Amino acid sequence: MKKYKPTTKSRRNMSGINFRKILTTSKPEKSLTSGFKRGSGHGKNGRITTRHKGGGHKRLFRDVDFSFNKYDIPFTVKTVEYDPNRSGFIGLVVYRDGEKRYVLLHNTARVGDTYLVSEKAPLTPGNRLPLGNISLGTFVYNVELKHKGGAKIARSGGDYAKVLAKEGGYVDLKMPSSEVRKVPVNAWASVGEVSNNENRLVKLGKAGRSRWLGIRPTVRGTAQNAVDHPHGGGEGRQGRGRRRAISIYGKPTGKGQKSRRAKKYSNKFVVTRRKVGKR
């Protein structure tokens, strides 16, 4: 981690990641980048659909490969790069047949390392193989939810899922959220954990740094008017006036309340619900 000299009050508690010691280049591969319109939290009618989003620095899109559809062809890491659209580091890899792609790197990946996507790949960090071929207790990331469905689970910086058991054509995975979920044995996953595990230790230090990331301010419900939030209104400081805390849309929120739909399609795959509230 990188600390800053306390030249201002906000600078005193600010911290960041020392990218100079990790990244090998500052310019992305031009053939794998493009411009794109970032989501500002507004729908097609111009109304806010996701609160607290908007603004932020302009970003270049990196075409990261989450399908891994080149099998039994080794690839070598050429660079370790920063991606403004995700918390983990990405790397430019070159396959033995010459094709270049961006992939999400694992925590110990270095320039020159060679990895493989194969059913018979060794069980070493960075290699990718079906969950049915991965031994119990192994940490995995870039996990598919169905065969050839592309990596969907454990993609944030420092995240990983843990293989707990195998039974009846499914593998039990402990997710980063602490939920235990069944995933088909023929779904693929990469061995290891996502790079940049120090990301969760970063202290932004000031409000402006949040705005650079595209995060707009959050106002407490109790500080709002009654017309704007179910917790609002009243003279002076008031209690919320109801037993359950709810969001601006009337849905349960916070305090360890369950918010998952009772008839969600994937409920049958959940073995143990995630632990909510304070840990």
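From the list ARG216, ARG181, which residue is surrounded by 14 or more Cβ atoms within 10 Å (Cβ to Cβ), within 29 Å of VAL143 (Cβ to Cβ), of a type in the set (Lys, Arg) and modelled with pLDDT of 95 or more? Write out each step before concluding.
Working: ARG216 fails: within 29 Å of VAL143 (Cβ to Cβ).
Being surrounded by 14 or more Cβ atoms within 10 Å (Cβ to Cβ), within 29 Å of VAL143 (Cβ to Cβ), of a type in the set (Lys, Arg) and modelled with pLDDT of 95 or more holds for just one of ARG216, ARG181, which is ARG181.
Checking SER210 against (1) outside any helix (DSSP H, G or I); (2) buried (at least 17 other Cβ atoms within 10 Å of the Cβ); (3) not aromatic (Phe, Trp, Tyr): exactly one of these is not met. Which one?
(1)
Please go through (1) touching a Gly at 6+ places or on another chain (Cβ under 9 Å); (2) over 19 Å from VAL64 (Cβ atoms) for LEU105 and return the number of the only condition it doesn't satisfy.
(2)
When you go through (1) within 25 Å of SER87 (Cα to Cα); (2) modelled with pLDDT under 95; (3) more than 15 Å from the chain's Cα centre (by Cα) one by one for SER210, which number turns out not to apply?
Among (1) within 25 Å of SER87 (Cα to Cα); (2) modelled with pLDDT under 95; (3) more than 15 Å from the chain's Cα centre (by Cα), SER210 violates only (2).
Name the residues in region 7-25 that are surrounded by 11 or more Cβ atoms within 10 Å (Cβ to Cβ) and more than 17 Å from VAL202 (Cβ to Cβ), would you? Please lay out each step first, then the result.
Here is the first cut: in region 7-25, the ones surrounded by 11 or more Cβ atoms within 10 Å (Cβ to Cβ) are 8, 10-19, 22-25.
Within region 7-25, THR8, THR24, THR25 qualify.
Looking only at region 4-52, filter to residues that are charged (D, E, K, R), at pLDDT below 95 and not in a loop (DSSP other than H, G, I, E, B); which one of those is farthest from GLY214 (Cα to Cα)?
Checked region 4-52; the qualifying residue farthest from GLY214 (Cα to Cα) is LYS21.
Considering only residues of region 154-169 that are small (Gly, Ala, Ser) and over 18 Å from GLU81 (Cα atoms), which is surrounded by the fewest Cβ atoms within 10 Å (Cβ to Cβ)?
Just the residues of region 154-169 that are small (Gly, Ala, Ser), to begin with: 154, 156-158, 161, 165, 168-169.
Okay, now just the ones that are also over 18 Å from GLU81 (Cα atoms), so 154, 161, 165, 168-169.
Working: ALA154: 24, ALA161: 26, ALA165: 13, GLY168: 6, GLY169: 10.
Selected residue: GLY168.
Mind counting the residues in region 251-278 that are over 12 Å from SER178 (Cα atoms), surrounded by 13 or more Cβ atoms within 10 Å (Cβ to Cβ) and of a type in the set (S, T, N, Q)?
The total comes to 2.
Please work out which one of (1) hydrophobic (A, V, I, L, M, F, W, C); (2) free of Cβ contacts under 8 Å to residues at least 60 places away in the same chain; (3) assigned to a strand (DSSP E or B) is the condition ILE73 fails and give its number.
Tallying (1) hydrophobic (A, V, I, L, M, F, W, C); (2) free of Cβ contacts under 8 Å to residues at least 60 places away in the same chain; (3) assigned to a strand (DSSP E or B), ILE73 fails exactly one: (3).
For region 147-197, give me each residue that is without any contact (Cβ under 8 Å) to a residue 40 or more places away in the chain, small (Gly, Ala, Ser) and under 18 Å from SER266 (Cβ atoms).
Hits for region 147-197 are GLY149, ALA161, GLY168, GLY169.
Please verify whether SER67 is assigned to a loop (DSSP other than H, G, I, E, B) and either modelled with pLDDT of 95 or more or surrounded by 14 or more Cβ atoms within 10 Å (Cβ to Cβ) (or both), treating the condition exactly as stated.
Working: assigned to a loop (DSSP other than H, G, I, E, B): yes; either modelled with pLDDT of 95 or more or surrounded by 14 or more Cβ atoms within 10 Å (Cβ to Cβ) (or both): yes.
Yes.
Being surrounded by 14 or more Cβ atoms within 10 Å (Cβ to Cβ) and either under 18 Å from SER87 (Cα atoms) or of a type in the set (Val, Ile, Thr) (or both) is the filter here; which residues of region 26-47 pass it? Walk me through it before giving the result.
Step one: filter region 26-47 for residues surrounded by 14 or more Cβ atoms within 10 Å (Cβ to Cβ), giving 28-29, 32-33, 38, 40-41.
Matches in region 26-47: PRO28, THR33, ARG38.
Looking at region 96-135, which of its residues are surrounded by 13 or more Cβ atoms within 10 Å (Cβ to Cβ) and hydrophobic (A, V, I, L, M, F, W, C)?
Selection gives VAL103, LEU104, LEU105, ALA109, VAL111, LEU116, VAL117, ALA121, LEU129, LEU131, ILE134.
Outside any loop (DSSP other than H, G, I, E, B), farther than 27 Å from LYS162 by Cα and among the β-branched types (Val, Ile, Thr): which single residue out of THR222, THR218 fits that description?
Details: THR218 fails: outside any loop (DSSP other than H, G, I, E, B).
Residue meeting the stated conditions: THR222.
The values are calculated or read from the model by the stated rules, or taken from the named source; none is laboratory data. Everything quoted here is computed from the prediction, not taken from an experiment. Heads up, the Cβs are rebuilt from the backbone with ideal geometry, glycines too, and the neighbour counts pull from every protein chain shown.
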